[in-house]
Amino acid sequence: MDLRGASAEALAVLTERLDGAIGTSKSAAALGAELFTVSQLIRNEAALRRFSTDGSLPVAAKQGMVQQVFTGRVTDTTLDLLNEAVGRRWTLSRDLADALERLSEIAVVRSAGAKAGRVTDELFELSGIIDANPDLRSALSDPGRSVDDKAALVASLLDGKALPATITLAEQSLAGTYRTVTNALAAYREVAAQTKGEAVATVRVARPMSKDDRERLAEVLGRQYDTTVHLNVVIDPDVLGGVRVEIGDEVIDGTISGRLDDARRRLVG
């Protein structure tokens, strides 16, 4: 979800408003569910989306439409956020739905309270399960299966094993906003980490890291990026030795396989 210009500014304002509106974990979960439902409605209803984002229309007219459509269907908190949203400028019409969906993700993560870090880990584990299971991956991407059927499959995998926030996000990943479920789960991990003021680093190693090694690496990365870094460690036999770190759009390749590949390129060049 890459919002730019006016849309990025609008999302920043709305996120601040969301932070002030979130109360208990229970209310945050309900708010997240409502915002997701509204985002999908706006995404799927072209006329509603165009009217809500038309910069030539008076803000009062757009807010009046929001009141007419959503009063009695959503809570006052969600309605206030929608009024703020349609009063903002949007770079692209679709950005409004994307922004509301991002707000829903943040609210769901906030519903986990102090366990937001666990949400990050559980989403990472689910991604690994999907990547390692072609049949499951095919079932979740099969256009012939309903979203409800796919959600039931996800729930059966996670029921009793994951936090409610993780299950909710896993089900939301089926909406197709991020094209694939694994793309969505990766985006949610970033949201969960950012909600805690952290960055996420995917670390690929040939064998499990000790607790001390993980802590040292997290500390080094934290100093380098000037933030707390949450590590997701992947055991990858192709690494051979050393460590490959992916953080944001950057890759730090200190693996033996990486150095061998580099040497091969130099020889060929």
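State, to one decimal in nm, how far the label point of T71 lies from the label point of N183, with both points 7 Å from Cα in the Cβ direction.
So the label points at T71 and N183 sit 3.9 nm apart.
In percent, what relative contact order does region 5-111 have, based on Cα pairs under 8 Å that are 6 or more apart in sequence?
About 53 percent, as a whole number.
In whole percent, what relative contact order does region 112-196 give with Cα contacts below 8 Å and a gap of six or more residues?
The normalised contact order for region 112-196 reaches 45 percent.
What percent does the relative contact order of the chain come to when contacts are Cα pairs within less than 8 Å and at least six residues apart?
Taking the mean separation of contacting Cα pairs over the length of the chain, I get 17 percent.
State which stretch of the chain is the longest one without any exposed trypsin sites (Lys or Arg not before Pro), exposure meaning a DSSP loop state and at most 11 other Cβ atoms within 10 Å.
The answer is 5-160.
Once each part is reduced to its C-alpha centroid, what is the distance from region 1-32 to region 51-119 in angstrom?
Between the Cα centre of region 1-32 and that of region 51-119, the gap is 8 Å.
For E125 and L92 in one chain, what is 0.36 nm times their gap in residues minus the Cα-Cα distance, to one decimal in nm?
Using 0.36 nm per residue and subtracting the Cα-Cα distance, I get 8.5 nm.
Between K115 and S156, how high is the FRET efficiency from 1/(1 + (r/R0)^6) when r is the Cβ-Cβ distance and R₀ = 25 Å? Nearest 0.05.
Once rounded, the FRET efficiency stands at 0.70.
7 Å from Cα along Cα→Cβ at both K196 and E246: what's the point-to-point distance in nm?
2.0
For helix 95-110, report the angle its Cα long axis makes with the longest principal axis of the Cα atoms of the chain; keep it between 0 and 90° and round to the nearest 10°.
Roughly 70 degrees, rounded to the nearest 10.
For an R0 of 51 angstrom, estimate the FRET efficiency from the Cβ-Cβ distance between R214 and A46 and round to the nearest 0.05.
0.60
How far apart, in nm, are two points set 7 Å out from the Cα along the Cα-to-Cβ line at L136 and at Y225?
Distance between label points: 2.5 nm.
If I build a Gaussian network model for the chain, linking alpha-carbon pairs within less than 10 angstrom, which residue out of A165, A12, A184 has the largest mean-square fluctuation?
Comparing A165, A12, A184 in a Gaussian network model of the chain, the most mobile one is A12.
Pick from L14, L35, L169: which is most flexible by mean-square fluctuation in a GNM of the chain where alpha carbon atoms under 10 Å apart are linked?
Its mean-square fluctuation being the largest, the pick is L14.
All of the numbers you see were taken from the coordinates with simple rules; none came from a lab. These figures come from a predicted structure and were not determined experimentally. Cβ sites come from the backbone with ideal geometry, for glycine too, and all protein chains shown count toward neighbours.
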